[in-house]
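Reviewing the structure listed below.
The values are calculated or read from the model by the stated rules, or taken from the named source; none is laboratory data. All values reported here derive from a predicted model rather than from experimental measurement. Ideal geometry is used to build each Cβ from the backbone, glycine not excepted, and the neighbour counts take in all protein chains shown.
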Amino acid sequence: MSIHVERLTHIYHPGTPRARTALRDVSLTIEDGACAAIIGVTGSGKSTLVQHFNGLLRPTSGRVVVDSLDVGARATRGTDLQALRQRVGLLFQFPEAQLFAATVYDDVAFGPRQLGLSPSAARARVAWALDAVALGHDDTLLARSPFALSGGQRRRVALAGVLAMRPRTLVLDEPSAGLDAEARAELYTQLRALRRENGLTLVLVSHDMSEVAELADQIFVLAEGELRLAGAPEQVFGDTEAIIAAGLLPPPLALVGALARERGLAVPSEATTLDATTTALLRALEGRGDDAR
C-alpha cells in the first residue's frame, strides 16, 4: 500500500496570532512494502507529517492519498476514516502510555472489538498479534495487568494492540526511545520479521541515524517543515553536508567514509554498512600500497 503526499502544508491555529506553519509544500511517495524513515531534528515536522497518514490531522492545503483513500484538505469530509485507520496503524513515542485496559487481553482485543469481530475472531487476532511481538498468548499473560509488565513487555503489548487491527502500514514514532541496546535489537528483529512475513509497509519517525541505517530503504529528511533530502540510504547518507545542514549527524560509518575520501581514499559514498565500508577501505588501502596503512 503506497502513500502519496502532494504539496502538503499544515498550519496549526490558522488565522490566529498563534498560527504556526509546521509543514510547507511537502511532496513524497512511500512505496508499497518499503521501510521508510522520516528523519529530522525536534520541530522539523516529522510527527505532524505522519499524523496525516491515518487522518489524525488534516491538511491545510494539499493532500495525502493512502491506498486510493484521499485525505486532502477538500476531500477529508468524505474520507472513510475508519477504513483509513484499519489500513494505517500509528504507534506514538513511548507507546506503553497508550495502554489502558485492566488486562493484556482486553488491551489487545480493544481494536478488533471496535471492528465488530466475533469473540472467537477477536481472540484469534489477539493470539496472532501477541505471537507476532514474541510474547505468546498463554492464559497467565492474557489475564495480567499490562501495567505489571516490564517496560519492554509493555511496549510490545502496545505494538500488539496496533497489529491486532491488521494494518497494511505501520507507523512508529521514535520506536526505540528509552530502550537499552538489547531491547532495541529485539525490536529491530521483530520489525524485520513483521515486514518479511506480513508484507507490512513500515514508516519510522526517528532522529537516530544508526537506527535508520539499520532498517530503512527509503529516507526523507525534514528541516523547518520542508523536505530537504530524499532517496535510498546510500544516497542520503552519502551527502553528509546536506545531513549536517539539516541539523543531524550522519551514521558513524557514513562519517568514516567521508573522512576516508577527504584523505584521498576511493571509498564510495554508497558504502554505509559495516561490510561495505570495511571492504571499500581494504580495497582503497591495497590500491595505495602498504605505505598508506
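Annotation note: of R196, R155, R166, R125, the sole residue that is free of Cβ contacts under 8 Å to residues at least 40 places away in the same chain and among the basic types (K, R) is R196. Whenever a residue of the stretch 103-121 is farther than 12 Å from R166 by Cβ, its partners that are among the β-branched types (V, I, T), lying with C-beta atoms within less than 8 angstrom and at least six residues away or across chains, give the pairs V104/V157; Y105/V126; D107/V157; V108/V126; V108/V157; A109/V126.
Of all residues in the stretch 131-165, those satisfying the criterion of being β-branched (V, I, T), crowded, with 16+ Cβ neighbours inside 10 Å and in a helix (DSSP H, G or I) are V157, V162. Among the residues of the stretch 130-145, is any at pLDDT below 95, within 21 Å of L191 (Cα to Cα), charged (D, E, K, R) and in contact with an Asp or Glu (Cβ under 9 Å, 6 or more places away or on another chain)? The answer is no; no qualifying residue exists. Restricting attention to the stretch 49-61, the residues that are more than 13 Å from the chain's Cα centre (by Cα) and either polar (S, T, N, Q) or more than 27 Å from R195 (Cα to Cα) (or both) total 5.
Here the condition is being farther than 16 Å from E6 by Cα and either in contact (Cβ under 8 Å) with a residue 12 or more places away in the chain or in contact with a helix residue (DSSP H, G or I) (Cβ under 8 Å, 6 or more places away or on another chain) (or both); of V88, V65, V71, V50, it holds for V88 alone. Within the set V126, V108, V104, the sole residue that is touching a Phe, Trp or Tyr at 6+ places or on another chain (Cβ under 7 Å), among the aliphatic types (A, V, I, L, M) and in the same structural domain as M165 (by TED's automatic domain parsing) turns out to be V126. Only residues that are over 20 Å from the mean Cα position of the chain (by Cα) and free of Cβ contacts under 8 Å to residues at least 40 places away in the same chain were counted across the stretch 1-35, and they come to 8. The single residue among V64, V104 that is among the hydrophobic types (A, V, I, L, M, F, W, C), within 21 Å of the chain's Cα centre (by Cα) and at pLDDT 90 or above turns out to be V64.
Yes or no, residue by residue, for (1) closer than 30 Å to I244 by Cβ; (2) in contact with a Phe, Trp or Tyr (Cβ under 6 Å, 6 or more places away or on another chain); (3) at pLDDT 90 or above; (4) not basic (K, R):
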| position | (1), (2), (3), (4) |
| --- | --- |
| T16 | no, no, yes, yes |
| T48 | yes, no, yes, yes |
| L57 | yes, no, yes, yes |
| G78 | no, no, no, yes |
| P95 | no, no, no, yes |
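Is one or more of the residues making up the stretch 227-238 of a type in the set (F, W, Y), in contact (Cβ under 8 Å) with a residue 12 or more places away in the chain and within 30 Å of S68 (Cα to Cα)? Checked against the condition, which is being of a type in the set (F, W, Y), in contact (Cβ under 8 Å) with a residue 12 or more places away in the chain and within 30 Å of S68 (Cα to Cα), the stretch 227-238 yields no hits at all.
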